[in-house]
1. Given the criteria of a type in the set (S, T, N, Q) and within 25 Å of Ser42 (Cα to Cα), does Thr269 qualify?
2. Under 6 Å between Cβ atoms, which residue pairs at least 6 apart in sequence (or on different chains) link something in the stretch 39-54 that is over 19 Å from Asn149 (Cβ atoms) with a partner that is modelled with pLDDT under 95?
3. Scanning for something over 19 Å from the mean Cα position of the chain (by Cα) and assigned to a loop (DSSP other than H, G, I, E, B), does the stretch 221-229 turn up at least one residue?
4. Looking for whichever is under 30 Å from Val202 (Cα atoms) and buried (at least 21 other Cβ atoms within 10 Å of the Cβ) here; the options are Ala227, Ala261, Ala283. Which one fits?
5. Within the stretch 164-182, identify whether any single residue is aromatic (Phe, Trp, Tyr) and within 19 Å of Ser237 (Cβ to Cβ), and answer yes or no.
6. Inspect all residues belonging to the stretch 350-366 and state whether any of them is part of a loop (DSSP other than H, G, I, E, B), free of Cβ contacts under 8 Å to residues at least 12 places away in the same chain and either touching a strand residue (DSSP E or B) at 6+ places or on another chain (Cβ under 8 Å) or not aliphatic (A, V, I, L, M) (or both).
7. Take the stretch 102-144 and flag every residue that is hydroxyl-bearing (Ser, Thr, Tyr), under 18 Å from the mean Cα position of the chain (by Cα) and farther than 19 Å from Asp214 by Cα.
8. Which ones in the stretch 300-328 are within 17 Å of the chain's Cα centre (by Cα) and part of a helix (DSSP H, G or I)?
Amino acid sequence: MADLQDEPHSAYAAHTAYTADTVPTGPGAAGAEDAPAPVTGSALDRAVALLSVHPVADGHNTLVWTLRQSPYHDIDTPDSGVDTDIPRLRAGGVGAQFWSLMLPREAEAADQVLSDTLDQIDVALALMRRYPDGLCLALTADDMADARNRGRIASFLGPVPGRTLTDSLGALRAFHALGVRILAPAGAPWAGEELTPFGHEVVKEMNRLAMLVDLTGCTPEVACQLAGASKAPVIVSHTAAAALNPHPGNVTDEVLLALRAAQGLAMVTFDTAQTGDSLHAVADHVEHVRAVAGPHGVGLGATFGTEPGVPRPTGLTDPSGYPRLIAELLDRGWSETDLALLTWGNAQRVLRDAEFTARAAQHRRPA
């Protein structure tokens, strides 16, 4: 840990050089007239210190899609044309990022969905090659820790859309070979009104491959079925509490309880439509998820990665705002132990559990 704090790209150094107050402003940006009351210096200092040791493992960022549409962005330097760049990821104490490979629109044909997804993977891998000093492709929980210790941002590929799989598991194994570690069943015919027999086979094969099942967008009924069918923990990569806001993308308490029973993880988004337009509202959702899913069942999946114009909660307009959220939770009485689980520990534990399940499954189930 001492080595990490000495790393020049740690949250300490980055936060000093590039704070939330210096990023380009946008809807609800810090410094605007409706900005929240400043967090007490001691809480913010403690937040930055905590993130230097237990950085954020963010469950959802759509930058890959944005770069596919606008490839001219250079994320190695502050880029006002997009809300995610390496300086702001470092300033926010982000140590691991799940890069979404989902498609924002419905493709009509299954082969088109597969083609578009492969294009997304290609862009993501090119991103790793272009910024080797900042980003590091991660395949395992050990890779995640190793990247952190070397001052890199561990980069996991996924989720990919489950509708790319029709009646064969070949595409799933091909995705795994390309480095994908997360798949989202929502929208797939095998996970529609209920989990079909083929859907059960998909889950078993994902368990064998140590790929995470992402319940985002699934109905509560199917989400609970998937959580029960999987031998490994499942995740919801970006969501919020339906009990506080009945948005269709938010998870019900029933799903949160199923996640708790399955030792899964719900990662709270910073989408204003799902959480509200203030940092305080986001913290409310984080606290509700923790209360229902347990301290080991809550994480963060902000859903940054867009060009300007997308509304964001005040004070959380880009990844550099993470210390503000952690400071807010400190002021609410969260222990540093629970915060370390929220930011890093729970995501790493889910990955390790999936790998443990895979090792056991590979002895019982051939490919």
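The values are calculated or read from the model by the stated rules, or taken from the named source; none is laboratory data. Predicted model only: the values in this text are computed from it and were never measured. Here Cβ is always computed from backbone atoms with ideal geometry, including for glycine, and neighbour counts include all displayed protein chains.
1. Considered against the rule, which asks whether it is of a type in the set (S, T, N, Q) and within 25 Å of Ser42 (Cα to Cα), Thr269 comes out as no.
2. Between residues of the stretch 39-54 that are over 19 Å from Asn149 (Cβ atoms) and residues that are modelled with pLDDT under 95, there is no close pair.
3. No, the stretch 221-229 has no match at all.
4. Going through Ala227, Ala261, Ala283 in turn, the sole match is Ala227.
5. Yes, the stretch 164-182 has at least one match.
6. For the stretch 350-366, residues part of a loop (DSSP other than H, G, I, E, B), free of Cβ contacts under 8 Å to residues at least 12 places away in the same chain and either touching a strand residue (DSSP E or B) at 6+ places or on another chain (Cβ under 8 Å) or not aliphatic (A, V, I, L, M) (or both): present.
7. none
8. Within the stretch 300-328, Pro319, Ser320, Gly321, Tyr322, Pro323, Leu325, Ile326 qualify.
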